[in-house]
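Notes follow once the structure below has been shown.
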Amino acid sequence: MIEALAAGTIDGIRVPGALRPEVFRAAAAALDHIQFSMYDRVRVFPPVARFGVSINDHRVDGLIADSYWAEVDAARREWSRLGVHPDPFEACRRLIGDVWPFGVELSRCGDAAFSPGIIREINNGLQVHFDDANLEHTTDLFDVRLVNQFAFNLYLTVPPSGGELVIWRHRRQESDEAYLIPGSYGYDEAVVAGIEPTVIRPQAGEVILFDPRNFHTVRPAKRGRRVSIGFSVGLAETGKLVVWA
């Protein structure tokens, strides 16, 4: 299935009940103890709460700022303090490794390991956007070169209505920059006008893997919380999968 996603013949992979019940329960129970913070409200609107750190908040002129590594260490200490066991980030990586013959590992840059993932609460939706490490960074991001990229999300809780993941099979082109919202990471939805979307309504305990280089968004939740564990997955030239946030 991952091969089909890499080839672009399918828009996503859905795995209901992906983790063992005890792993999922431990991750879901941690939500009562996590201190969420907010993304930059100027750049990310509607507002999104998160626990953990991603390179998107520490990218300056296509490079990763030194502040990223300090934040990664701080997030690891806070996660360790919560004592969540079994660890859902490790369990999610094993889930991928079990179906990929060349293995999966946490991405590294020299001696430094990237963030293993981020927990996000997206109740108010997202702007239409894409994620592409090879376009967003001026140098190779990791010790290995990426030839493909996926987004991994494990849903811990979902609203009774709303919160759909919407994917358009359209990758960023130069002409799309006319639709970029000033000061934002997102684009006016007119950028995908006339393209039929794939709409996925996640279920609690489900994993969804898709190609984030396609424009995508999240619709607002009507009621309740929409919380997921997420990270990026890259296919390296070596055939190995690497993970980061």
Quiz prompt | Virtual paramagnetic centre 7 Å along Cα→Cβ of residue 13, amide N under 14 Å, in segment 127-160 | solution = 148-154
Quiz prompt | Rounded to the nearest 20 debye, dipole of the chain from Cβ charges on Lys, Arg, Asp, Glu | solution = 900
Quiz item: How much net charge surrounds residue 160 when only the other residues with a Cβ under 13 Å from the Cβ of residue 160 are counted, with Lys and Arg +1 and Asp and Glu -1?
Solution: +4
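Send over the Kirkwood Rh of segment 87-215, from the inverse of the averaged 1/r over different Cα pairs, rounded to one decimal Å.
On the way: mean 1/r = 0.0594 Å⁻¹.
When all Cα pairs of segment 87-215 are included, the Kirkwood radius is 16.8 Å.
At 222 nm, what helix-only mean residue ellipticity would the chain give, in deg cm²/dmol to the nearest 500, using -39500 (n - 2.57) for each DSSP H run of four or more? Walk me through the numbers on the way to the answer.
On the way: 5 runs with 45 residues, N = 245.
Per the formula, -5000 deg cm²/dmol.
In the neighborhood of residue 105, defined by Cβ-to-Cβ distances under 10 Å, what is the net charge if each Lys or Arg adds +1 and each Asp or Glu adds -1? Intermediate values should be presented prior to the final figure.
Working: positive: 93, 108, 240; negative: none.
Residues near residue 105 contribute +3 overall.
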Exercise. Taking the dipole about the Cα centre of the chain, with the C-beta of Lys and Arg at +1 and of Asp and Glu at -1, give me whichever of 234, 92, 178 is farthest to the positive side.
Key: 92
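Can you check what the net charge comes to around residue 39, using other residues whose Cβ is under 10 Å from the Cβ of residue 39 (Lys, Arg +1; Asp, Glu -1)? Before the final figure, lay out the partial values.
Values: positive: 41, 43, 50, 120; negative: 40, 57.
That works out to +2.
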Quiz item: Between residue 184 and residue 143, how many nm apart are label points set 7 Å from Cα along the C-beta direction?
Solution: 3.9
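Can you sort 222, 240 by 1.4 Å-probe accessible area, starting with the largest? Don't skip to the answer; put the middle values down first.
On the way: 222 145, 240 70 Å².
Largest accessible area first, the list is 222, 240.
The values are calculated or read from the model by the stated rules, or taken from the named source; none is laboratory data. Bear in mind that the values here come from a model prediction, so they are computed numbers and not experimental data. Backbone-built Cβ (ideal geometry, glycine too); neighbour counts: all protein chains shown. Each accessible area value is taken on the protein alone, full model and side chains, heavy atoms only, with ligands, DNA and RNA left out. Shrake-Rupley method; radii C 1.70, N 1.55, O 1.52, S 1.80 Å.
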